[in-house]
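Some notes on the structure that comes next.
Rule-based calculations on the coordinates, nothing more; no lab input. For clarity, every value in this text was computed on a predicted model and none was experimentally measured. In this analysis, Cβ positions are derived from the backbone assuming ideal geometry, glycine residues included, and neighbour counts consider all displayed protein chains.
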Amino acid sequence: MILNISDLGWDESSGLDPFLPLDQLDSSSPSEVPRLTLWGVALCVSGTLIATENAIVVTTILATPSLRAPVFLLLASLGLADLLAGVALILHFLFQFCVEPTDWSELLTSGLLVTSLTASLCSLMGVALDRYLSLSHALTYGSGQSRRRAASLLLLVWLGASVIGAGPALGWHCLEEQSSCSVARPLTRTYLSLLCGGFLVIVMITLQLYAGICRVARRHAHAIATQRHFLPTNQPYSTKPSSGRGFSRLILILSVFVGCWMPFSLWGLLGDASSPPLYTYATLVPAAGSSLLNPILYSLRNKDIRKVLLHACCPHRVSHSPRIHYPVDV
């Protein structure tokens, strides 16, 4: 997916760029590799950062036998999807500034980006579902059957994301009919509308799951408060977790989630090929930027993953005392 930067005021001779166009390219003009720009450098650096941090997360989870709970399978899927998004940005940089761009390169990078963003969003929904089940079915959470269900779910997610991402290569593109282009060239308006409609459905389901998490957490807090009311004042009991801090973290996660995905999902439905390219940039950059924030919000905040990383960096400074794993830590 590319955007004509010449419409935005950047000095680009080819009109190609990392995310989405609105104008028609002049096929009669000779193609040439554009000059390297500040935006191109930023594109390559951001893609490298996204790919690097998510590669660390995926490698950490897959290389640690103790990280086999369903939630870690979901985090590995999320990291792999965001890793592919970083790779797509790097490939677009190479195709645009290092070699002559072709129709094949546009279809490859757009298909890879659609696949990665779809898998990333579905994995985020899976993380929310896992959090809900870990609270409402705490006794059976983490069993072998739960892991098999999570693995089957992820298999379906990646098969579906791959099929959806193959759409541009299978003919859902506007390279030969510029009038059917959407705000995200080379995707057609019909294809992008279906894609963004699906994104909105997933966002709504995820928000409903987090609402369910809040309801279950409130019931648990009420049960704990009632139980404590009947305990003797001198009897020790576990310290009550800070519900205020937990809800503030939840608000942060939901704000980032909605702020990253909702704008582009709505713009893809409302915009068309005549819309200003700047609006497309303003909505797609946050969606791609979610791949940079997801490892920090979901994986690196988990104590088990942080402990493995600290042990890999400083093996003599990390204690090996056993720790009770709570699936909702993430």
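Once you have a ≥ b ≥ c as the square roots of the Cα gyration tensor eigenvalues for region 156-199, tell me rounded if a/c is under 1.5, and otherwise prolate or oblate according to whether a/b is larger than b/c. Kindly include the intermediate steps, with their values, before the conclusion.
Working: a/c = 3.49, a/b = 1.67, b/c = 2.08.
The shape class here is oblate.
Highest first, please rank the peptides 37-50, 177-190 by the mean number of other Cβ atoms sitting within 10 Å of their residues. Show your work: numbers first, answer last.
Details: 37-50: 17.4, 177-190: 21.3.
Descending packing order for the listed peptides: 177-190, 37-50.
At 0.36 nm per residue, minus the direct Cα-Cα distance, what do Val201 and Cys98 gain on full extension? Give it in nm, one decimal, please. The partial results should precede the final answer.
Values: separation 103, 0.36 × 103 = 37.08 nm, distance 3.82 nm.
Residue separation times 0.36 nm, minus the Cα-Cα distance, leaves 33.3 nm.
Provide the packing ranking of 103-112, 146-155, 286-295, i.e. peptides ordered by the mean count of other C-beta atoms within 10 Å per residue, highest first.
Details: 103-112: 19.6, 146-155: 15.4, 286-295: 22.1.
Sorting 103-112, 146-155, 286-295 by mean packing, highest first, produces 286-295, 103-112, 146-155.
Which of rounded, prolate or oblate describes region 83-222 when judged by the alpha-carbon gyration tensor and an a/c cut-off of 1.5?
Prolate, since a/c reaches 1.5 and a/b exceeds b/c.
Would you kindly state how much longer the chain becomes between Ser152 and Val45 on full extension, computed as 0.36 nm times their sequence separation minus their alpha carbon distance, in nm to one decimal? If you can, show how the numbers build up before the last one.
Values: separation 107, 0.36 × 107 = 38.52 nm, distance 3.46 nm.
That works out to 35.1 nm of additional length.
Which FRET efficiency value, to the nearest 0.05, is calculated for Leu278 and Ser248 with the Förster distance at 30 angstrom and r the Cβ-Cβ distance? Walk me through the intermediate numbers first.
Values: r = 33 Å, r/R0 = 1.12.
FRET efficiency, Leu278 to Ser248: 0.35.
According to a simple spin-label model (label point 7 Å from Cα along Cα-to-Cβ), what is the distance in nm between Ala166 and Ile224?
Spacing of the two 7 Å Cα→Cβ label points: 4.8 nm.
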